[in-house]
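Comments concern the structure below.
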Amino acid sequence: MKVEFALTEQKRARLKADKLDTGFGSFRNVEVTIGKVVDDDWDEPMGPTPMPDVTMLRSWDHKLLTRYRPAYMPACQLCCLCTFGKCDLTSGKRGACGLDIEGQSARIVLAAANIGCAAHLAHSRHMVDHMIHEFGPRFELTQGDGVEIEAPVTRLVTGIRPRTLEEASAVLDYCETQLTHTLSAVHTGQEGSWIDFESKAFHVGMVDQVGMEIADLAQISTLGFPQSDPEAPLVEAGISSMDPKKAMILAIGHNVVPATYIMDYASETGVADKIDIGGICCTAWDIARYDAKAKIVGPISWQLRFVRSGFADVVVVDEQCIRTDIVEHAKKVHSPVIATCDKSAMGLPDRTDDDVDDIVQDLVSGKIAGVYLRDHAKIGEVVVKTAIKMHPKRKKKGSLPSKAKIKELAQACRQCSECIRACPNNQPVMDAVLAAQEGNLGPLADVYDECIGCARCESACPNDYELHSWMVKAAEGRWKQESFMVRSGRGAIKDTEIRTVGQPIVFGEIPGVIAHVGCANYPDGGRAIHDHAEEFAKRRFIVVFSGCAAMTVGTIKDDEGKSIYERRPGTFDAGSVLNVGSCVANSHIAGAAIKIASIFAKRNLRGNYEEIADYIHNRVGAVGISWGAMSQKAASIAAGFWRLGVPVIVGPHGTKYRRMLLGRADKAEDWMVWDARTGDRVQVAAGPEHLFYAVENFEEMMVMTAKLAIRPNDTAKGRSIKLSHYIDLHETYMGYFPEDIHTYIRRETDIPITLKAKIHAQMKENKWKEKPIPDPTLVRRLVYGGKGGGE
Amino acid sequence: MMRAEPWQSAEVCGPTKAQGIKKTAVVGALIKKAKYPLLVVGAQALTEKTRKKSMIDYFIEFSTTHNIPIVATANTIKAFKEKGFDNAYSYGAMEITGRLQDHEWKVAPKKGPHDLVMTFGFPYYMEWLMLSALINFSPHIKTVTLGRYYQPHATWSFPNLKKQNWNDALKEILTPVGGAK
Ligand code: SF4
Ligand code: SF4
Ligand code: SF4
């Protein structure tokens with residue numbers, strides 16, 4: 001294969017190959033324009049699929065989708081996306097465009113992944129463009145010492161090694177093109193088959209991982225964040241970490257750029273000690289990575305309770321996961337809102353061109369509830385000045401109702417149950433209100449503990465009760481004490497760390513890598529995340545966190561008052577609990593898996609997606625978990641893992657993604673692999689059994705995690721370790737010895753020694769026969785010595 | 001008796017919706033007619049009670065009376081095993097939802113496939129989606145939900161019931177129509 005790079009007149013890079021022979025066939029005159037710059041001194045050979053277009057990896061997707069068939073659970077049996085409709089898709093009927101319910105269900109999956117990818121990608125684009133503006137296009141990107149493979153996902157997908165902001169921008173050009181194509185496939189009369197909608201969802205999930213990686217790489221490189229630091233600082237979190245004596249600024253969202261201008265302005269003007277800035281959601285992680293003195297208030301579900309508490313002198317919103325009615329809520333407690341992002345201007349007047357003091361005056365006097373500002377420098381000045389002026393004024397304003405007032409108001413409850421029926425978790429809100437009639441606010445406080453802060457109960461209440469505020473008041477004693485230590489986001493995993501753990505992970509001796517990611521849509525509070533992480537860290541899994549889950553896990557303290565981050569190291573190693581950072585930093589988890597293939601197995605990364613995904617799927621016992629998955633971003637993040645062949649578990653609310661990817665352990669023919677050494681077809685055990693799975697509860701999550709860590713390539717020692725964990729957790733939570741152990745035993749040496757008798761009995765009962773341990777691959781062309789063929 | 005409308009008010013569905021069970025004899029008749037019924041019991045059965053009886057005990061009695069196997073999801077299986085009940089099989093809620101879409105599949109070797117599936121014990125929204133999968137992709141299966149709240153995606157569902165009425169209904173359906181099978 002001859003691949004050439006060239007600079008075009010417009011300084012765009014062009015990848016050109018007269019003939020490209022790949023496992024997918026032979027292509028003539030391939031030519032791809034990739035942006036503005038080119039990497040001509042990287043000697044790693046280019047793999048077969050640099051910057052794959054929408055269908056280039058389709059055959060890989062189809063392999064996964066044939067083994068892990070989608071099981072759809074439509075939330076709607078109608079389609080109303082075009083004026084042909086509404087169309088009734090029940091009982092095998094097709095819409096006017098020809099689509100059936102399977103196709104429509106898959107189309108919804110793709111739509112969600114597109115939306116999620118777009119949110120990350122737009123964030124990434126803003127970050128890179130902004131940093132180019134600030135630091136120039138040639139500013140060098142870095143993940144810090146000990147990281148030579150700085151952007152493994154990007155290298156793998158695009159074949160580009162982004163070394164400067166300009167090159168990062170070129171990578172985003174590619175991503176944006178792909179997103180346009182996958183989004184267009186959702187249009188009426190484009191894609192028609194479920195499997196191709198799904199394949200495109202995988203594609204955009206892969207693109208999403210690139211976009212996230214670039215966003216984090218850009219901010220880590222330019223903003224002085226911890227760089228691959230296992231000892232990133234421990235920072236204080238929780239509502240009580242905010243100092244009420246200072247002017248409080250609450251920053252909500254995901255894009256840290258506006259908040260950095262606030263912090264910079266405060267220190268440059270010598271007022272840093274007069275303000276306290278705290279964040280909700282991923283902006284919290286990134287302000288703390290920028291300045292360890294910034295506070296992490298809590299996950300997304302805490303935004304309403306904190307705003308209602310009335311502490312914030314100014315509320316700053318950037319993008320993603322902010323309450324769209326934030327202005328209304330903030331107005332009630334006289335907190336001005338500053339919208340800083342074009343995606344969420346919140347209906348506020350654009351005052352970018354006005355004089356700062358005029359804007360501050362209008363906000364402080366209450367003449368306007370908030371402003372939208374496009375100029376970052378102005379944001380910094382307006383926010384700091386407004387917060388300092390608001391602080392003494394607002395102290396006098398009450399926010400939450402008194403306990404006596406709640407008791408008085410509760411008397412008129414109509415016992416209509418509408419609050420319960422509106423609650424996503426079926427919380428006993430009405431019963432708590434009835435208890436409040438008697439002056440007992442305990443039940444309202446209990447509801448607070450498991451509340452995700454959505455306020456659906458109060459918007460359903462015919463009496464217009466501010467039920468969420470009542471809960472916040474009832475639990476005041478608890479949240480006012482809320483303070484816990486979390487580890488700031490460390491960024492990527494070092495190459496040196498991968499060198500240490502690569503082999504034990506691939507051999508199965510470190511039984512797995514668990515990636516807890518995502519949001520706070522918990523079914524019954526967040527304790528499950530902590531207990532899960534603690535149990536698996538004890539079992540020597542590597543447990544990695546990002547996003548809101550990384551905050552929630554820190555809220556649980558041991559008897560000595562220590563959080564999991566204080567108890568466990570932040571290195572990428574057995575028994576550790578790491579925080580990589582905000583949502584976009586979760587790309588480092590995929591990056592770590594990719595680097596295992598590169599550093600330990602010495603496989604080429606560059607433009608070599610299918611081979612590396614196949615490697616990870618068969619060898620790296622990684623399991624993604626999103627106990628509180630909520631957003632479309634979580635959907636696209638999951639899709640990125642699916643394409644890498646990494647299974648993802650979601651909590652019960654994750655059923656609302658409406659499609660699982662389920663393996664059938666009972667169908668031997670689904671579990672055939674090629675033995676890369678011999679070219680033989682070999683049957684392996686069902687591992688990982690599923691690719692996307694919503695668990696019903698904590699107990700099922702415990703057992704499923706251990707089971708999904710099993711891989712065909714486990715060595716005997718690795719397999720026996722993994723089975724020991726699976727058996728032990730199964731006995732604990734399911735109450736009996738699992739009946740499928742014999743299917744995972746290939747040779748005697750796979751049997752955990754202490755369980756020999758039981759397993760032997762099961763093997764005998766099931767007429768067990770010894771099985772080969774292949775060098776497993778799903779891709780025939782990867783059979784060594786040319787014994788494989790195209791497929 | 002409350003109305004037959006989704007308990008979580010946003011969970012409306014498509015053009016067809018479950019028939020409200022007005023008389024419990026309907027359930028008895030469906031069981032009697034079914035060739036291979038199946039009961040799918042989720043983890044809320046571990047904490048719910050009907051009168052003073054645990055739902056696990058109730059379903060053991062139900063299963064024994066009507067000779068219907070149980071799929072117990074998540075850790076619900078533990079409770080059945082602890083009571084020495086051996087007609088319960090372990091599958092995840094999503095796994096059983098997937099398997100039931102396979103027209104060949106059955107929980108134990110018997111003439112299949114399952115043609116009647118009764119459900120209980122899941123978060124409302126989860127059961128709503130599980131039943132949606134079955135209504136859309138398993139047209140050979142009729143579904144009955146035995147919980148207190150109306151599930152529009154079932155073939156048959158109680159309307160939203162007061163606890164007392166639900167207890168009465170559960171008691172009534174323990175008695176087989178025309179004697180045990
Ligand atoms: S997109 Fe197709 S199924 Fe949807 S409304 Fe239009 S014609 Fe009907
Ligand atoms: S605010 Fe809390 S209690 Fe109210 S509906 Fe939402 S989760 Fe339920
Ligand atoms: S919705 Fe309001 S009035 Fe109705 S039961 Fe709940 S608190 Fe009472």
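The values are calculated or read from the model by the stated rules, or taken from the named source; none is laboratory data. Just so it is clear, the structure is predicted and the values come from calculations on it, not from any experiment. We place every Cβ from the backbone using ideal geometry, glycine too, and count neighbours over all the protein chains shown.
Brief remarks on what is shown
- Of the residues A:225, A:202, the single one that is of a type in the set (Phe, Trp, Tyr), out of contact with any strand residue (DSSP E or B) (no Cβ under 8 Å at 6 or more places or on another chain) and not assigned by TED's automatic domain parsing to the domain that holds residue A:494 is A:202.
- Selection status of residue A:383, crowded, with 18+ Cβ neighbours inside 10 Å, modelled with pLDDT of 95 or more, away from ligand 2 (no atom under 14 Å from the Cβ) and within 38 Å of the chain's Cα centre (by Cα): yes
- Subset of the range A:51-74 (residues that are aliphatic (A, V, I, L, M) and either farther than 17 Å from residue A:105 by Cα or modelled with pLDDT under 95 (or both)): A:51, A:54, A:56, A:57, A:64
Yes/no per residue for (1) more than 21 Å from the chain's Cα centre (by Cα); (2) outside any helix (DSSP H, G or I):
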residue	(1), (2)
A:558	yes, yes
A:561	yes, yes
A:566	yes, no
A:572	no, yes
A:580	no, yes
A:594	no, no
A:597	yes, no
A:614	yes, no
A:618	yes, no
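- Residue A:353 meets the conditions (1) loosely packed, with under 14 Cβ neighbours inside 10 Å; (2) in the same structural domain as residue A:432 (by TED's automatic domain parsing) in every case but one. The failed one is (2).
Conditions tested, residue by residue: (1) more than 29 Å from residue A:292 (Cβ to Cβ); (2) hydroxyl-bearing (Ser, Thr, Tyr); (3) assigned by TED's automatic domain parsing to the domain that holds residue A:586; (4) touching a Cys at 6+ places or on another chain (Cβ under 6 Å).
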site: A:447; (1), (2), (3), (4): yes, no, no, no
site: A:459; (1), (2), (3), (4): yes, yes, no, no
site: A:467; (1), (2), (3), (4): yes, no, no, yes
site: A:470; (1), (2), (3), (4): yes, no, no, no
site: A:494; (1), (2), (3), (4): no, no, yes, no
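- For the range A:80-104, a residue qualifies if it is more than 12 Å from every other protein chain (Cβ to nearest Cβ) and farther than 21 Å from residue A:201 by Cβ, and the qualifying residues are A:83, A:84, A:85, A:94, A:96.
- Options A:291, A:273, A:313, A:342: the member that is out of contact with any Asp or Glu (no Cβ under 8 Å at 6 or more places or on another chain), touching a residue at least 24 places away in the same chain (Cβ under 8 Å), among the charged types (D, E, K, R) and crowded, with 23+ Cβ neighbours inside 10 Å: A:313
- The set of residues from the range B:40-71 being away from chain A (no Cβ under 14 Å), over 17 Å from residue A:736 (Cα atoms) and touching a helix residue (DSSP H, G or I) at 6+ places or on another chain (Cβ under 6 Å) comprises B:50, B:51, B:55, B:66.
- Being part of a helix (DSSP H, G or I) and more than 10 Å from chain B (Cβ to nearest Cβ) is a property that does not hold for residue A:699.
- The range B:72-108, subset within 15 Å of the chain's Cα centre (by Cα), more than 7 Å from every other protein chain (Cβ to nearest Cβ) and part of a helix (DSSP H, G or I), residue nearest to residue B:133 (Cα to Cα): B:96
- Here residue B:16 clears all of (1) closer than 30 Å to residue A:86 by Cβ; (2) crowded, with 16+ Cβ neighbours inside 10 Å; (3) touching a residue at least 12 places away in the same chain (Cβ under 8 Å); (4) within 12 Å of chain A (Cβ to nearest Cβ) except the condition numbered (2).
- Check on residue A:439, away from ligand 3 (no atom under 11 Å from the Cβ), farther than 16 Å from residue A:469 by Cβ and not polar (S, T, N, Q): yes
- Qualifying residue in the range A:454-475 (condition: acidic (Asp, Glu), away from ligand 3 (no atom under 16 Å from the Cβ) and more than 17 Å from residue A:297 (Cα to Cα)): no
- Looking only at residues in the range A:72-127 that are touching a residue at least 40 places away in the same chain (Cβ under 8 Å) and basic (Lys, Arg), the one that is farthest from residue A:317 (Cα to Cα) is A:107.
- Of the criteria (1) more than 14 Å from every other protein chain (Cβ to nearest Cβ); (2) touching a helix residue (DSSP H, G or I) at 6+ places or on another chain (Cβ under 9 Å), which one residue B:168 fails: (2)
- Some residue of the range A:428-450 being within 13 Å of chain B (Cβ to nearest Cβ), more than 14 Å from ligand 2 (Cβ to nearest atom) and surrounded by fewer than 22 Cβ atoms within 10 Å (Cβ to Cβ): no
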